[in-house]
Amino acid sequence: MKNIIKVIQTAKDTGDRLSVKEDLVFAKDGMPVGTVVEIEKTKKFQVFEGFGAAFTEAAADTFYKMSRKKRAEILNAYFSPKSGLNYSFCRTHINSCDFSLGNYSYDEVAGDADLNHFDIERDRGLLIPMIKEAMHVKGENLKLFASPWSPPGWMKTNGEMNHGGKVKDEYKKSWAIYFAKYIKAYAQEGIPIWGVSVQNEPDAVQIWDSCIYSHEEERDFVRDCLGPVLQEEGLGHINIIVWDHNTDLVYKRAKVILEDKECAKYVWGVGFHWYSGDQFANLAKTHQAFPDKKLLFTEGCQEGGVHLDSWSVGERYGHNIINDFNNWTVGWVDWNMVLNKKGGPNHVGNYCDAPLIADTQLDEVYYENSYYYIGHFSKYIQLGATRLGCTCIEAGKLEATAFENPDGQIVVVVMNSGDEEIGYSLKIGDNTTSAKIFPHSIITLLY
């Protein structure tokens, strides 16, 4: 029926995990009660481009220690359009990252500026097979972007992949060509690369793989090296993402890079992470200044190892996804897809959580609350959906966002992170319905 609203719920202290509940019914000219979530169909914002997560060597190592049956479960849980999270927009790493089994690059021959020894053989062991299996489950190519954590150590001022350092001037052109060689090598493996970010976390000196760029250095590298080289190599279609770091400096970095028109012409958009906390206004400010560039969440995870059954981790995901979307983000890419019970492997002990945790000894997969919170968005918001106006009267009590799918279906996601049940009303035009939302719960409403 036209006035029926489907309800999907995940709630703490219940068995509900993406569970279908009793339908709600719209009443024309109904009287709103409680907290009002109002959807304005005439207000239209950004177009949604996908959800996903990262293929890392650590995730792939964990994945291939599981039985064939459990590996199929993991891939279906993420990539199946029907039974899974319907992931389509994913990330991987160029050279090693902290979630690798150790430091490595594709050219370990010092001084090889012409990259005669470039070889992605290391990735053929774990990463490439996992990506291919995911593509098979998805039934189509993924939108896959790749990020470097560090160039080979011999290209850097500190002579190593870890502990920051910068790209030496004499190797900047070689490093840009390295990107092109990587993209072409993956294409030969049957994996098209949709885009690249210039550098993962370019403002952080880490004990693991890292490399520093100032605002101006990243601008100059894109304008003078990476952009032109990709064009020269026939890879002008590759999308370049800048920043790929926290929201605290996202506007300042974007301003320096995108106000340079020669640089900006090569840039698809700005990537950001969540580790500096809630600075969503910086996203809106970036969009307002550069409305032709996209905003993409490129990484986030719960730090400090595995947090099995910690409800707050799921709520952290829900809070960030809602507010990122409400501030012009077009896609949302989680960090590792699957990790072991320690939250690794990680070659420097920087253990983190993931939505799926694998016990490689018992061959069991544990679904964290974050998995279900992500699903409230990714399973129902379709590619090409448009965000709609969505306001919460008494907004401090509930958080919400809304999209209209290409087929006209409206998807509203509402989250209650408080300790009390809350009465609310959903209002779309002249139609209103009222219900209650459990404490520490998230619901998806489909109309």
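The values are calculated or read from the model by the stated rules, or taken from the named source; none is laboratory data. Worth saying up front: this structure is predicted, and the values here are computed from it rather than measured. Every residue, glycine among them, receives a Cβ derived from its backbone with ideal geometry; neighbour counts consider all protein chains shown. To get the accessible areas, we keep the full protein, side chains included, count just its heavy atoms, and leave off ligands, DNA and RNA. Shrake-Rupley method; radii C 1.70, N 1.55, O 1.52, S 1.80 Å.
Residues being open to solvent by less than 50 Å² (accessible area, probe 1.4 Å), part of a strand (DSSP E or B) and modelled with pLDDT under 95: count how many of those fall in region 1-35. Final tally of qualifying residues: 2. Just one residue in the set 304, 349, 344 is in contact with a strand residue (DSSP E or B) (Cβ under 9 Å, 6 or more places away or on another chain), without any contact (Cβ under 8 Å) to a residue 60 or more places away in the chain, of a type outside the set (S, T, N, Q) and farther than 19 Å from residue 378 by Cβ; that residue is 304. Among the residues of region 142-161, those that are open to solvent by 10 Å² or more (accessible area, probe 1.4 Å) and closer than 19 Å to residue 197 by Cβ comprise 142, 143, 161.
Against the condition buried (at least 16 other Cβ atoms within 10 Å of the Cβ), closer than 29 Å to residue 266 by Cα and either touching a Lys or Arg at 6+ places or on another chain (Cβ under 7 Å) or modelled with pLDDT of 95 or more (or both), how does residue 354 come out, does it pass? No, not satisfied. Scanning region 401-415 for any residue that is at pLDDT 95 or above, open to solvent by 10 Å² or more (accessible area, probe 1.4 Å) and either closer than 27 Å to residue 197 by Cβ or assigned to a helix (DSSP H, G or I) (or both) turns up nothing. Look at region 7-18: where a residue is of a type outside the set (Gly, Ala, Ser) and a partner is part of a loop (DSSP other than H, G, I, E, B) and open to solvent by 70 Å² or more (accessible area, probe 1.4 Å), sitting 6+ places away or on another chain with Cβ atoms under 9 Å, you get 9/17; 9/438; 10/17; 12/438; 13/438; 14/438; 16/438. Screening residue 110 against (1) part of a loop (DSSP other than H, G, I, E, B); (2) under 30 Å from residue 73 (Cβ atoms); (3) open to solvent by 10 Å² or more (accessible area, probe 1.4 Å); (4) among the hydrophobic types (A, V, I, L, M, F, W, C) leaves a single unmet condition, (2). Are any residues in region 284-308 touching a helix residue (DSSP H, G or I) at 6+ places or on another chain (Cβ under 7 Å) and more than 19 Å from residue 335 (Cβ to Cβ), and if so, which ones? Answer for region 284-308, where residues must be touching a helix residue (DSSP H, G or I) at 6+ places or on another chain (Cβ under 7 Å) and more than 19 Å from residue 335 (Cβ to Cβ): 285, 286, 289, 290, 293.
Residue 151 meets each of the listed conditions (1) over 26 Å from residue 336 (Cβ atoms); (2) in contact (Cβ under 8 Å) with a residue 12 or more places away in the chain apart from (1). Residues that are under 30 Å from residue 429 (Cα atoms) and open to solvent by 10 Å² or more (accessible area, probe 1.4 Å) do occur in region 49-69, at least one of them.
Here residue 366 does not qualify as of a type in the set (Phe, Trp, Tyr), open to solvent by less than 40 Å² (accessible area, probe 1.4 Å) and either touching a residue at least 12 places away in the same chain (Cβ under 8 Å) or assigned to a loop (DSSP other than H, G, I, E, B) (or both).
Contact list please: Cβ distance under 6 Å, first residue in region 125-145 and farther than 26 Å from residue 330 by Cβ, second residue of a type in the set (A, V, I, L, M, F, W, C) and crowded, with 21+ Cβ neighbours inside 10 Å, pairs at least six apart or on different chains. Once the first residue is farther than 26 Å from residue 330 by Cβ and sits in region 125-145, its partners that are of a type in the set (A, V, I, L, M, F, W, C) and crowded, with 21+ Cβ neighbours inside 10 Å give 126/60; 133/75. For region 95-102, the criterion of being at pLDDT 95 or above and among the charged types (D, E, K, R) is met by at least one residue.
Each residue in region 79-88 was checked for being out of contact with any Phe, Trp or Tyr (no Cβ under 6 Å at 6 or more places or on another chain) and either under 11 Å from residue 152 (Cβ atoms) or crowded, with 18+ Cβ neighbours inside 10 Å (or both), and 2 pass.
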